[in-house]
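Read the figures in this text as sums done on the coordinates, not as results from a lab. What you see is a predicted model, and the numbers here were worked out from it, not measured in a lab. Using ideal geometry, Cβ is built from the backbone for each residue, glycine included, and neighbour counts are taken over all protein chains shown.
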Amino acid sequence: MTSPPVGERRGIFTPELLDRCISCGFCLPACPTYGLTGEETSSPRGRINLMRAIETGQLAVDDPTVVEESSFCLGCRACEPVCPAGVQYGALLEEWRDELWRPERRPWRLRALLWAVDARARVRLMGVARRHAKGAGEGAEPASLMLGCFERALYPRVSRSARELDPSLAAPPAQGCCGALHAHNGELERGNALARELGEALPGTIVTTSGGCSAHLASVLGPERVKELSQWLAGRGSTVDEPATGARPRIGFQDSCHARNGLGVGKEPRELIATVGEYVELPSAAACCGAAGTYAILRPEDSARVLDRHLDEIADADLDVLAVANPGCYRQLQQGIKRRRLRTKVLHLAELLADADRIVSHRSA
Ligand code: SF4
Ligand code: SF4
């Protein structure tokens with residue numbers, strides 16, 4: 001790969017995005033990977049310096065440290081809300097991986113995942129044998145429920161629960177993937193095209209049960225067109241059935257990184273949970289659980305290290321239920337809790353609210 005003369009730009013990054021960082025370091029304490037290593041290169045500021053070095057030719061695009069850090073980063077965007085300069089780190093990471101993660105450099109597992117969600121017919125096939133939501137909406141204004149790709153196969157009850165909570169949502173099964181997987185894994189243009197396709201296929205407001213999908217869709221279609229489920233329910237003043245009588249269940253919440261850091265959604269799910277149980281704020285609720293899209297599949301050991309403190313906190317809090325708002329977090333926490341043999345049940349927020357009248361506390365007195 002030929003490098004440009006030092007000082008000239010390669011054109012990998014949008015200059016206004018790359019130049020915005022003032023190197024203040026406020027983002028370092030918020031970064032989970034910096035928390036693991038204490039190394040500057042594993043921090044947002046360190047990675048932006050690596051991006052600048054490859055942009056100006058001081059480092060090769062495929063320098064081993066550059067390659068490692070582009071992959072070690074969770075893409076959780078916890079560095080964004082704490083940044084006084086308004087650095088859009090998530091957008092920079094997408095541009096970085098778009099340049100670096102060329103098809104021939106991708107591990108086969110990532111290639112297989114991207115292939116699976118690249119065509120609407122294949123996405124539809126994933127849910128054929130599953131009882132996910134489907135049907136027309138009952139509302140006067142058109143609004144559509146996004147079924148997701150892997151969520152429709154792995155957690156079909158989530159979309160059914162969302163539709164129980166709001167029957168005005170249409171759930172047409174012939175919908176494809178939103179493109180977030182592509183955009184976060186080196187295929188930005190394809191990821192944006194898939195989001196536009198989904199926007200054309202689904203009428204009205206698009207409501208999603210996945211924080212990662214909602215942030216990606218909103219970045220392409222605009223935030224007024226896309227609502228994460230808790231935003232949607234809170235905006236409509238939806239109510240849920242009375243919880244079961246007896247001790248109120250202790251319920252924690254794991255934020256979806258992209259819903260929280262990309263869309264500012266955090267208050268809404270907590271307020272909804274407090275209507276059906278005793279809400280318990282875990283110290284690391286807002287920090288990434290290590291699922292991070294494809295991260296748990298591509299870097300399982302680092303993902304488990306990131307997850308560990310969450311499991312410690314869940315055990316200490318003796319929760320009845322941990323609510324999640326993203327299918328990746330669902331799988332990550334369900335598996336971690338099972339490995340630790342904790343009694344806490346993981347539920348999507350939609351399932352929790354739809355089943356509130358049946359959820360009871362099993363805490364020993
Ligand atoms: S907080 Fe923002 S401006 Fe400061 S070092 Fe981090 S990314 Fe750069
Ligand atoms: S996206 Fe997350 S892991 Fe990556 S630099 Fe920002 S805070 Fe750190």
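Can you list which of the GluC sites (Glu not before Pro) found in the range 245-283 are DSSP loop residues with at most 13 other C-beta atoms within 10 Å? Those that pass, being in a loop and sparsely packed, are Glu281. Extending 7 Å from Cα along the Cβ direction at Arg190 and again at Glu281 yields two label points whose distance is 4.2 nm. Under 5 Å between amide hydrogens, built in the peptide plane, is the criterion, and for Lys345 it picks out Val321, Leu322 among residues at least 5 positions away or on other chains. Restricting the range 147-249 to GluC sites (Glu not before Pro) that sit in a DSSP loop and have at most 12 other Cβ atoms within 10 Å of their own Cβ leaves Glu224. In this label model, Ala201 and Glu104 are separated by 3.2 nm, measuring between points 7 Å along each Cα→Cβ vector.
Pairwise Cα distances in the range 250-358 exceed 20 Å for 33 percent of all pairs.
Between the amide H of Asp63 and any residue lying 5 or more places away or on another chain, no distance stays under 5 Å, with hydrogens modeled in the peptide plane. In this calculation the C-beta distance from Gln58 to Ala119 is compared with R0 = 45 Å, giving a FRET efficiency of 0.65. Cross-link partners for Lys338 among the lysines, with Cα-Cα distance under 30 Å and sequence neighbours closer than 8 places in the same chain left out: Lys267.
Based on DSSP H segments of at least four residues, each scored -39500 (n - 2.57), the chain has a per-residue ellipticity at 222 nm of -12500 deg cm²/dmol.
When Rg and the Kirkwood Rh are both derived from Cα coordinates, the Rg/Rh ratio for the range 147-294 amounts to 0.97. Relative to the compact-globule estimate of 2.2 N^0.38 Å, the Cα radius of gyration of the chain comes out at 0.99.
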